[in-house]
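Undergrad: One structure coming up, written as structure tokens, with questions to follow.
The values are calculated or read from the model by the stated rules, or taken from the named source; none is laboratory data. All of these numbers come straight from a predicted model, not from anything done at the bench. All Cβ positions, even for glycine, are placed from backbone atoms using ideal geometry, and neighbour counts span all protein chains on display. Keep in mind that these areas ignore ligands, DNA and RNA; they rest on the heavy atoms of the full protein, side chains included. Shrake-Rupley method; radii C 1.70, N 1.55, O 1.52, S 1.80 Å.
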Amino acid sequence: MIRNQEQFDAVIKADQRIESDDWMPDDYRKTLIRQIAQHAHSEIIGMQPEGAWITRAPSLRRKSILTAKVQDEAGHGLYLYGATETLGPDRSELLDLLHTKKQKYSSIFNYPSPTWADVGAIGWLVDGAAIMNQVPLCRCSYGPYGRAMVRICKEESFHQRQGFQIMLTLAEGTNEQKAMAQEALNRWWWPSIMMFGPPDTESVHNARNMAWGIKRYTNDELRQTFIDASVPQAELLGLTVPDPDLVWNEERAHYDFGEPDWDEFTRMVRGEGEMPAERIRTRLEAHNEGAWVREAAEAYAAKQQRDAA
Amino acid sequence: MSPGWPLWEVFVRARRGVSHVHFGSVHAADNETALQAARDLFTRRQEGKSIWVVRSTDVVASDPDDEGELFDPASGKDYRLPTDYRLPPEVDHM
């Protein structure tokens with residue numbers, strides 16, 4: 001059991017894990033609560049852009065796949081809310097923070113998904129970027145978060161593959177289908193690149209979170225890895241990455257790439273535009289429409305208790 | 001051990017970073033002696049760093065007869081597995 005800063009530092013230094021009943025610095029606890037809760041909120045809100053496509057998916061198989069993926073996202077949200085609760089706050093408190101916009105979710109879910117190809121691009125690029133962020137989190141210094149991430153990464157491995165397969169099918173289809181895939185790539189490329197957060201020079205918490213073993217790679221390192229992995233995949237699809245500055249740098253053995261639109265990033269993080277209100281409205285509607293189910297469960301439990309007495 | 005002492009289920013965490021895992025059960029008169037008994041019985045060789053004991057009667061378990069009804073619906077849904085998606089060899093590591 002860790003009882004003070006000195007013991008905490010020793011565990012972190014030895015790259016061991018902190019558990020929920022250990023002493024931990026207030027800032028470490030606060031950082032984790034914010035990060036894991038926002039991760040949970042992102043899973044729950046992330047159900048919406050793809051959930052909207054379930055009824056319009058082009059085949060029974062595609063509907064089944066998409067339903068399974070959205071179910072996974074609900075499940076991953078619940079794993080993560082559970083991990084957050086080990087740090088103190090309770091579930092209803094966390095949901096309130098989401099509903100009142102006091103905590104954020106990933107702004108990637110505030111981009112619209114107007115065509116079926118967007119579902120493919122989301123799986124390929126957005127889930128691809130998420131996986132790249134999440135794999136190192138399996139080794140996060142906070143045990144309950146790391147363990148939740150192990151399960152999540154394992155379950156998510158099909159998400160990216162199904163997305164790429166949609167893109168591949170469209171890219172091999174008619175000219176219209178191929179154009180649809182290209183337009184979706186154009187829409188999702190830069191937002192995916194920005195999912196890794198601001199550049200390291202601007203990132204306020206990078207160094208501290210690295211020292212705490214919450215983060216294992218910097219934003220820019222992960223961004224580069226993602227670009228290096230994704231460009232050949234786009235080439236295989238026969239699609240063009242919408243970055244005129246993209247070029248293989250033999251010397252660095254990495255792609256050089258253009259500057260993302262960080263002003264757009266800031267606007268999205270601030271929650272500008274119509275979409276954030278729409279997402280929260282949809283979320284609240286689902287929550288409120290489910291109220292009778294929660295009330296019925298409580299009434300039934302109370303009755304069982306009365307009958308047993 | 002007196003007859004009538006309740007049964008406790010024992011969960012041990014082998015080391016920091018892994019979950020508590022069910023090791024077995026002990027009989028004991030109360031919380032404290034249950035923990036002591038679990039420690040004596042299951043961690044003689046440093047098997048653990050943390051122990052949970054839970055009254056066996058507090059464990060709500062699924063009925064073995066319901067196994068099919070509970071778990072069979074997940075079968076035949078291979079689209080939940082990465083192996084269900086054939087991709088070209090260049091990207092098959094995805």
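Undergrad: Which one is farthest from the other protein chains (Cβ to nearest Cβ), of the residues in segment B:60-94 that are in a loop (DSSP other than H, G, I, E, B), open to solvent by 90 Å² or more (accessible area, probe 1.4 Å) and within 14 Å of A:Phe164 (Cα to Cα)? Before you say what the answer is, go through the steps one by one.
TA: Within segment B:60-94, the subset in a loop (DSSP other than H, G, I, E, B) is B:60-63, B:75-77, B:81, B:85-88, B:92-94.
Then keep just the ones that are open to solvent by 90 Å² or more (accessible area, probe 1.4 Å); that gives B:60, B:86, B:93.
Right, trim to within 14 Å of A:Phe164 (Cα to Cα) and you get B:86, B:93.
Numbers: B:Arg86: 8, B:His93: 9 Å.
Filtering first and then ranking leaves B:His93.
Undergrad: Looking at A:Gly197, A:Gly123, A:Gly163, which one is touching a helix residue (DSSP H, G or I) at 6+ places or on another chain (Cβ under 6 Å) and away from chain B (no Cβ under 11 Å)? So that I can check it myself, show each step before the final result.
TA: Values: A:Gly123 fails: away from chain B (no Cβ under 11 Å); A:Gly163 fails: away from chain B (no Cβ under 11 Å).
Among A:Gly197, A:Gly123, A:Gly163, only A:Gly197 is touching a helix residue (DSSP H, G or I) at 6+ places or on another chain (Cβ under 6 Å) and away from chain B (no Cβ under 11 Å).
Undergrad: Which condition breaks for A:Gly213 when tested against (1) free of Cβ contacts under 8 Å to residues at least 40 places away in the same chain; (2) closer than 30 Å to A:Pro144 by Cα?
TA: The failed condition is (1).
Undergrad: A:Tyr79 passes all but one of (1) aromatic (Phe, Trp, Tyr); (2) in contact with a Leu (Cβ under 8 Å, 6 or more places away or on another chain); (3) buried (at least 20 other Cβ atoms within 10 Å of the Cβ); which number fails?
TA: (2)
Undergrad: Ok, one more. Among (1) in a helix (DSSP H, G or I); (2) of a type outside the set (Asp, Glu); (3) more than 14 Å from every other protein chain (Cβ to nearest Cβ), which single condition is A:Gly82 missing?
TA: Checking A:Gly82 against (1) in a helix (DSSP H, G or I); (2) of a type outside the set (Asp, Glu); (3) more than 14 Å from every other protein chain (Cβ to nearest Cβ), the one that fails is (3).
Undergrad: Output the number of the condition that A:Lys104 fails; it satisfies all remaining conditions of (1) in contact with a Ser or Thr (Cβ under 9 Å, 6 or more places away or on another chain); (2) charged (D, E, K, R); (3) within 14 Å of chain B (Cβ to nearest Cβ).
TA: Going through (1) in contact with a Ser or Thr (Cβ under 9 Å, 6 or more places away or on another chain); (2) charged (D, E, K, R); (3) within 14 Å of chain B (Cβ to nearest Cβ) one by one, A:Lys104 breaks only (3).
Undergrad: Give me a count of the residues in segment A:60-74 that are within 11 Å of another protein chain (Cβ to nearest Cβ) and under 16 Å from A:Lys154 (Cβ atoms).
TA: Result for segment A:60-74: 4.
Undergrad: Only one of (1) closer than 20 Å to A:Val269 by Cα; (2) open to solvent by less than 10 Å² (accessible area, probe 1.4 Å) is not met by A:Tyr142, so which one is it?
TA: (1)
Undergrad: Only residues that are assigned to a helix (DSSP H, G or I) and either within 13 Å of chain B (Cβ to nearest Cβ) or over 18 Å from A:Ala253 (Cβ atoms) (or both): list them for segment A:223-241, please.
TA: Narrowing segment A:223-241 to residues assigned to a helix (DSSP H, G or I): A:223-237.
Listed by number, the residues that qualify are A:Phe226, A:Ala229, A:Ser230, A:Val231, A:Pro232, A:Gln233, A:Ala234, A:Glu235, A:Leu236, A:Leu237.
Undergrad: Based on what the data block shows, is A:Asp243 at pLDDT 95 or above, out of contact with any helix residue (DSSP H, G or I) (no Cβ under 8 Å at 6 or more places or on another chain) and under 20 Å from A:Trp190 (Cβ atoms)? Working first, answer last.
TA: Values: at pLDDT 95 or above: yes; out of contact with any helix residue (DSSP H, G or I) (no Cβ under 8 Å at 6 or more places or on another chain): no; under 20 Å from A:Trp190 (Cβ atoms): yes.
Criteria not met by A:Asp243.
Undergrad: Checking the conditions here, which among A:Ile33, A:Ile44 is surrounded by fewer than 21 Cβ atoms within 10 Å (Cβ to Cβ) and either more than 15 Å from A:Thr84 (Cβ to Cβ) or among the β-branched types (Val, Ile, Thr) (or both)? Please lay out each step first, then the result.
TA: Values: A:Ile44 fails: surrounded by fewer than 21 Cβ atoms within 10 Å (Cβ to Cβ).
When all the criteria are applied, what remains is A:Ile33.
Undergrad: Can you say whether B:Ser50 is under 30 Å from A:Val135 (Cβ atoms) and either more than 12 Å from chain A (Cβ to nearest Cβ) or in contact with a His (Cβ under 8 Å, 6 or more places away or on another chain) (or both), as far as the supplied structure shows? Break it down into steps so the answer makes sense when it comes.
TA: Working: under 30 Å from A:Val135 (Cβ atoms): yes; either more than 12 Å from chain A (Cβ to nearest Cβ) or in contact with a His (Cβ under 8 Å, 6 or more places away or on another chain) (or both): yes.
It is true that B:Ser50 is under 30 Å from A:Val135 (Cβ atoms) and either more than 12 Å from chain A (Cβ to nearest Cβ) or in contact with a His (Cβ under 8 Å, 6 or more places away or on another chain) (or both).
Undergrad: Answer yes if at least one residue in segment A:15-25 is closer than 16 Å to A:Cys140 by Cα, open to solvent by 60 Å² or more (accessible area, probe 1.4 Å) and not basic (Lys, Arg), and no otherwise.
TA: yes
Undergrad: Any idea how many residues of segment B:15-55 are within 13 Å of the chain's Cα centre (by Cα) and either surrounded by 16 or more Cβ atoms within 10 Å (Cβ to Cβ) or within 24 Å of A:Arg151 (Cβ to Cβ) (or both)?
TA: Step one: of segment B:15-55, the residues within 13 Å of the chain's Cα centre (by Cα) are B:18-25, B:51-54.
From what's left, either surrounded by 16 or more Cβ atoms within 10 Å (Cβ to Cβ) or within 24 Å of A:Arg151 (Cβ to Cβ) (or both): B:18-23, B:25, B:51-54.
Total satisfying the criteria: 11.
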